[in-house]
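Only the coordinates and a few stated rules stand behind these numbers; no lab work does. Nothing here was measured: the structure is a model prediction, and the numbers come from that model. In this analysis, Cβ positions are derived from the backbone assuming ideal geometry, glycine residues included, and neighbour counts consider all displayed protein chains.
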Amino acid sequence: MILDTVERLPLYADLIPGAREIAAAFAASDPAAAPCEVREKRYATKADAQRRYEVHDHTIDLMIARGGAEVIHICSLEGMEPAEELKDDGRKLNGPIHGSAVQLDAGYFCAIFPGETHAVGGQVEGQAGEIDKWVVKVRL
């Protein structure tokens, strides 16, 4: 997992294919200019009891925050129960929210790599909030 400012995203081009082009598309507010799928998301953050983990096998989830904030948890697969398969890549997992937490704020990106179990959409300091972000699906 990488957490850094959007301005620094091009520095990770050796790890994240298309990082320079994705950063330019984000700066231009033009998701169609990105070299991969961009999902524009805006949603209310949730209490931990309402969140679920997922893991991908071949995709980097590159989340770039436009506004608001959320907490993202990362943990090992140990103790997680496999649930339904995801349409594109990977699967949902059942288990309690635990592990390492990072806060994704506007102007930052978080890159979650294949095999990294993650739960997004957490409330910041237990308070209701909202996140507005791009979720860029970088296929490896």
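A few points about this structure:
- For Kirkwood radius over Cα pairs in Å, calculated from these coordinates, the label among (i) 15.1; (ii) 16.1; (iii) 16.6: (i)
- Helical contribution to [θ] at 222 nm, DSSP H n ≥ 4, -39,500 (n - 2.57), averaged over the chain, rounded to 500: -2000 deg cm²/dmol
- Look at 11, 62, 104 and count the other Cβ atoms within 10 Å of each Cβ; fewest to most, that gives 11, 104, 62.
- Taking the Cα centre of the chain as origin and assigning +1 to Lys and Arg Cβ atoms and -1 to Asp and Glu Cβ atoms, the resulting dipole is close to 220 debye.
- Of the GluC sites (Glu not before Pro) found in the stretch 12-69, no site is in coil according to DSSP while having at most 12 other Cβ atoms within 10 Å of its Cβ.
- Prolate/oblate/rounded call for the stretch 91-140, Cα gyration tensor, a/c under 1.5 rounded: oblate
- Between residue 103 and residue 13, the modelled labels are 3.3 nm apart [label points 7 Å from Cα along Cα→Cβ].
- Under 5 Å from the amide H of residue 46 lie the amide H atoms of 122, 123, each residue being 5 or more positions distant or on a separate chain, with H modelled from the backbone and absent for Pro and chain starts.
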